[in-house]
Amino acid sequence: MAGTAALPEWRTLPAAYGGGAAAAWQQLKSPVVVPLLRLSVAVCLAMSVMLFAEKLYMAAVVLAARLLRRRRPEQLYRWEPIRDIAGEDGDLEAAGGNAAASYPMVLVQIPMYNEREVYQLSIGAACGLTWPADRIVVQVLDDSTDPVVKELVQLECERWASKGVNVRYEVRDSRRGYKAGALREGMKRAYARGCDVVAIFDADFQPEPDFLQRTVPFLVHNPELALVQARWTFVNADECLMTRMQEMSLDYHFTVEQEVGSSTYAFFGFNGTAGVWRISALNEAGGWKDRTTVEDMDLAVRASLKGWKFVFLGDLMVKNELPSTLKAYRYQQHRWSCGPANLFRKMLMEIVRNKKVTLWKKIHVIYNFFLVRKIIAHIVTFVFYCIVIPATVLVPEVEIPRWGSVYIPTIITFLNAVGTPRSVHLIVFWILFENVMSLHRTKATFIGLLEAGRVNEWVVTEKLGDALRMKMPGKGFKKSRMRIADRLHILELCVASYLFFCGCYDITFGNNHYYIFLFLQSIAFFIVGVGYVGTFVPNS
């Protein structure tokens with residue numbers, strides 16, 4: 001960037017050229033705007049370095065684990081199939097119940113809320129799990145408010161019960177506590193109190209039949225383990241560009257963040273589904289709490305502070321569905337960003353005062369897990385790249401070093417892309433989309449930190465199942481029109497206008513070529529601002 005000494009006369013905007021507004025700008029610029037912007041740049045650069053160091057650290061751990069191959073779960077912990085009651089060919093059905101006590105009693109919980117499109121898939125997958133019939137209970141926790149859906153779910157449970165599956169259909173009087181409340185109520189049932197482990201699946205998750213056979217042995221043979229978490233794979237990743245972007249972000253989360261937490265400190269955030277808990281560890285940690293919108297992460301942190309360890313199985317995949325409508329995705333991201341920030345606020349001092357875990361584990365949880373990944377990552381993405389850098393175009397007295405504006409973001413981007421090699425060619429779209437979503441993540445993060453407004457808002461992520469394919473035009477349905485008010489998003493449009501103005505200013509008067517990024521990012525904000533992203537599902 002050019003220094004202030006080289007600024008042409010028009011860039012000083014004297015009062016003679018701009019009237020009172022220009023004079024007021026000049027009076028504020030040097031004593032107020034420039035110092036504040038320089039401070040903002042310094043803070044954002046510091047946060048960028050923190051995020052960069054965290055990304056490099058995680059990349060180094062994953063690379064070492066891949067090269068050395070000594071940090072695989074089967075090498076870190078004892079694992080062997082439970083063969084006591086199975087026949088020599090591993091046939092559980094043939095083994096019968098003659099030595100049933102050799103197998104732990106498993107409770108499978110499926111929380112539901114008006115899941116018309118996917119309830120059959122999840123119940124069927126859970127009832128198809130390979131495990132001795134007298135050592136498993138499938139518990140469907142139905143909080144549905146639609147009477148038709150409730151009846152359909154109950155009939156599906158009765159259908160599986162008629163086939164000899166021990167499936168229980170449970171409802172409650174209110175949705176108090178949402179998912180956490182439903183899981184907590186389910187654990188109070190007499191039959192649940194007799195179980196040793198609990199597997200949890202959201203309504204759109206479809207575990208393979210051998211899921212329990214691959215996860216439960218870790219808990220059986222390693223008394224220090226509380227949780228076994230499987231990886232997610234997505235049945236609708238190719239549905240639209242938005243789902244491809246989500247796949248890239250979530251693949252990085254699982255292949256890097258969860259792997260690092262599992263292989264180093266044996267701690268990571270429970271993903272809320274596709275996991276198996278030791279019930280004694282769950283109870284010791286205080287059970288399910290509904291004080292934040294991330295009840296799963298809350299439980300994981302509390303269990304970790306009790307000294308329990310977790311293991312992540314990266315090669316065990318569980319199919320599920322990504323939100324493919326912008327509305328559903330926005331609600332999900334609000335919950336996933338607001339909840340961790342609010343949990344950090346609530347648990348910071350509890351973590352600091354804890355005496356059961358090492359200092360290094362405390363640092364990992366506070367700094368790496370919460371501060372950098374759940375707070376700084378969101379804030380720096382939006383504030384730096386969408387607010388501060390564009391602002392320096394208008395205030396050329398403030399310079400940003402090239403390493404902070406180009407090199408660090410580029411390296412971080414490519415490190416994020418390693419989780420989904422098949423989508424590397426979409427990396428530019430991913431950058432722009434993530435920057436747009438960082439607006440909502442940042443807003444949600446501050447709501448969580450300040451416990452303001454929508455801090456406890458819980459909106460169940462809409463699942464479509466086969467609805468989209470059946471309702472697409474040409475399949476017997478007419479596409480419905482969306483109201484303008486439902487399609488427009490004012491915040492995105494405001495940011496798009498700001499970026500476009502900065503881009504025009506830079507291409508006219510600047511010399512740092514920021515306008516290339518500014519125009520592309522402005523287009524991305526505008527596209528999302530008019531709701532032209534994701535899928536549109538017509539009303540039947």
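Which residues, taken from segment 452-509, are at pLDDT below 85 and closer than 13 Å to F526 by Cβ?
R487, the sole residue that qualifies.
For every residue, the table says whether it meets (1) over 18 Å from T461 (Cα atoms); (2) surrounded by 15 or more Cβ atoms within 10 Å (Cβ to Cβ).
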| position | (1), (2) |
| --- | --- |
| V118 | no, yes |
| G124 | yes, no |
| C127 | yes, yes |
| W131 | yes, yes |
| L141 | no, yes |
| A161 | yes, yes |
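For segment 246-255, does any single residue satisfy the condition of being acidic (D, E), open to solvent by 10 Å² or more (accessible area, probe 1.4 Å), in a helix (DSSP H, G or I) and touching a strand residue (DSSP E or B) at 6+ places or on another chain (Cβ under 8 Å)?
For segment 246-255, residues acidic (D, E), open to solvent by 10 Å² or more (accessible area, probe 1.4 Å), in a helix (DSSP H, G or I) and touching a strand residue (DSSP E or B) at 6+ places or on another chain (Cβ under 8 Å): present.
Tell me the residue from V228, V220, V216 that is open to solvent by 30 Å² or more (accessible area, probe 1.4 Å) and either under 30 Å from M105 (Cα atoms) or of a type in the set (F, W, Y) (or both), please.
Just a single option satisfies the conditions, and that option is V220.
Can V220 be described as within 24 Å of R72 (Cβ to Cβ), in contact with a strand residue (DSSP E or B) (Cβ under 9 Å, 6 or more places away or on another chain) and touching a residue at least 24 places away in the same chain (Cβ under 8 Å)?
Working: within 24 Å of R72 (Cβ to Cβ): yes; in contact with a strand residue (DSSP E or B) (Cβ under 9 Å, 6 or more places away or on another chain): yes; touching a residue at least 24 places away in the same chain (Cβ under 8 Å): yes.
Yes.
Taking the criterion of being of a type in the set (G, A, S) and part of a helix (DSSP H, G or I), would at least one residue in segment 192-210 satisfy it?
Yes - at least one qualifying residue is present in segment 192-210.
Since H378 meets every condition but one in (1) part of a helix (DSSP H, G or I); (2) under 22 Å from F519 (Cβ atoms), which condition does it not meet?
(2)
Could you grab me the full set of residues in segment 332-349 that are crowded, with 20+ Cβ neighbours inside 10 Å and among the aromatic types (F, W, Y)?
Within segment 332-349, just F344 meets the criteria.
Please go through segment 521-537 and give me each residue that is open to solvent by 80 Å² or more (accessible area, probe 1.4 Å) and modelled with pLDDT of 95 or more, ordered by number.
Those that are open to solvent by 80 Å² or more (accessible area, probe 1.4 Å) and modelled with pLDDT of 95 or more: I523, F526.
Is it true that H425 is over 18 Å from the mean Cα position of the chain (by Cα) and closer than 26 Å to G529 by Cβ?
Yes, satisfied.
Within segment 136-173, track down each residue that is charged (D, E, K, R) and either without any contact (Cβ under 8 Å) to a residue 24 or more places away in the chain or outside any helix (DSSP H, G or I) (or both). Explain how you work it out, then say what you get.
Let us first name the residues in segment 136-173 that are charged (D, E, K, R), namely 142-143, 146, 150-151, 156, 158-159, 163, 168, 170, 172-173.
Selection gives D142, D143, D146, K150, E151, E158, R159, K163, R168, E170, R172, D173.
Can you confirm whether G286 is surrounded by fewer than 23 Cβ atoms within 10 Å (Cβ to Cβ) and touching an Asp or Glu at 6+ places or on another chain (Cβ under 6 Å)?
Against the criterion (surrounded by fewer than 23 Cβ atoms within 10 Å (Cβ to Cβ) and touching an Asp or Glu at 6+ places or on another chain (Cβ under 6 Å)), G286 does not qualify.
Okay, residues lined up against (1) hydroxyl-bearing (S, T, Y); (2) at pLDDT 50 or above:
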{"position": "T4", "(1), (2)": "yes, no"}
{"position": "W10", "(1), (2)": "no, no"}
{"position": "P14", "(1), (2)": "no, no"}
{"position": "Y17", "(1), (2)": "yes, no"}
{"position": "S30", "(1), (2)": "yes, yes"}
{"position": "L39", "(1), (2)": "no, yes"}
{"position": "A46", "(1), (2)": "no, yes"}
{"position": "M50", "(1), (2)": "no, yes"}
{"position": "K55", "(1), (2)": "no, yes"}
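Filter segment 163-178 for residues that are open to solvent by less than 40 Å² (accessible area, probe 1.4 Å) and modelled with pLDDT of 95 or more and give the result.
Once the filter is applied, which keeps residues that are open to solvent by less than 40 Å² (accessible area, probe 1.4 Å) and modelled with pLDDT of 95 or more, segment 163-178 yields V165, V167, E170.
Looking at segment 289-306, which of its residues are of a type outside the set (K, R), touching a residue at least 60 places away in the same chain (Cβ under 8 Å) and open to solvent by 20 Å² or more (accessible area, probe 1.4 Å)?
D290
Out of segment 437-451, which residues are open to solvent by less than 40 Å² (accessible area, probe 1.4 Å) and not polar (S, T, N, Q)?
M437, L439, H440, R441, A444, I447, G448
Out of curiosity, is I408 of a type in the set (V, I, T), within 30 Å of L348 (Cα to Cα) and in a helix (DSSP H, G or I)?
Taking the combined requirement at face value, the residue satisfies it.
Here is a yes/no grid of residues against (1) of a type outside the set (A, V, I, L, M, F, W, C); (2) in contact with a strand residue (DSSP E or B) (Cβ under 7 Å, 6 or more places away or on another chain); (3) without any contact (Cβ under 8 Å) to a residue 24 or more places away in the chain:
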position: R402; (1), (2), (3): yes, no, yes
position: T410; (1), (2), (3): yes, no, yes
position: T413; (1), (2), (3): yes, no, yes
position: V424; (1), (2), (3): no, no, yes
position: F433; (1), (2), (3): no, no, no
position: M437; (1), (2), (3): no, no, no
position: H440; (1), (2), (3): yes, no, no
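Only one of (1) within 25 Å of the chain's Cα centre (by Cα); (2) farther than 27 Å from Y169 by Cα; (3) in a loop (DSSP other than H, G, I, E, B); (4) not hydroxyl-bearing (S, T, Y) is not met by P223, so which one is it?
Single failed check for P223: (1).
Return the pair list, or none, for Cβ contacts closer than 9 Å from residues in segment 350-370 that are open to solvent by 40 Å² or more (accessible area, probe 1.4 Å) and of a type in the set (K, R) to residues that are in a helix (DSSP H, G or I) and modelled with pLDDT of 95 or more, at least 6 apart or on different chains.
Hits for this filter: K356/L305.
Here is a check on your reading of the model: is V34 of a type in the set (V, I, T) and under 29 Å from F369 (Cα atoms)?
So V34 fails the test.
Open to solvent by 10 Å² or more (accessible area, probe 1.4 Å) and either touching a Gly at 6+ places or on another chain (Cβ under 8 Å) or not polar (S, T, N, Q) (or both): does that describe V235? Full working, then the answer.
On the way: open to solvent by 10 Å² or more (accessible area, probe 1.4 Å): yes; either touching a Gly at 6+ places or on another chain (Cβ under 8 Å) or not polar (S, T, N, Q) (or both): yes.
So V235 passes the test.
Within segment 59-70, identify whether any single residue is open to solvent by 60 Å² or more (accessible area, probe 1.4 Å), assigned to a helix (DSSP H, G or I), modelled with pLDDT of 80 or more and not aliphatic (A, V, I, L, M), and answer yes or no.
Checked segment 59-70: at least one residue is open to solvent by 60 Å² or more (accessible area, probe 1.4 Å), assigned to a helix (DSSP H, G or I), modelled with pLDDT of 80 or more and not aliphatic (A, V, I, L, M).
In segment 73-103, which residues are part of a loop (DSSP other than H, G, I, E, B), open to solvent by less than 90 Å² (accessible area, probe 1.4 Å) and either touching a helix residue (DSSP H, G or I) at 6+ places or on another chain (Cβ under 8 Å) or modelled with pLDDT of 60 or more (or both)?
To start, the set of residues in segment 73-103 that are part of a loop (DSSP other than H, G, I, E, B) comprises 77-91, 96-99, 103.
Next cut, open to solvent by less than 90 Å² (accessible area, probe 1.4 Å) only: 77, 79-82, 85-87, 90-91, 96-97, 99, 103.
If the condition is that a residue be part of a loop (DSSP other than H, G, I, E, B), open to solvent by less than 90 Å² (accessible area, probe 1.4 Å) and either touching a helix residue (DSSP H, G or I) at 6+ places or on another chain (Cβ under 8 Å) or modelled with pLDDT of 60 or more (or both), then Y77, W79, E80, P81, I82, I85, A86, G87, G97, Y103 are the ones that fit.
Quick check on my filter: what residues within segment 414-436 are open to solvent by less than 80 Å² (accessible area, probe 1.4 Å), within 27 Å of G314 (Cα to Cα) and of a type outside the set (V, I, T)?
L415, N416, A417, G419, S423, L426, W430, F433, E434, listed by residue number.
The values are calculated or read from the model by the stated rules, or taken from the named source; none is laboratory data. Predicted, not measured: the structure shown is a model, and the values here were computed from it. Virtual Cβ from ideal backbone geometry, glycine too; neighbours counted across all protein chains shown. For accessibility, only protein heavy atoms count, side chains too; no ligands or nucleic acids. Shrake-Rupley method; radii C 1.70, N 1.55, O 1.52, S 1.80 Å.
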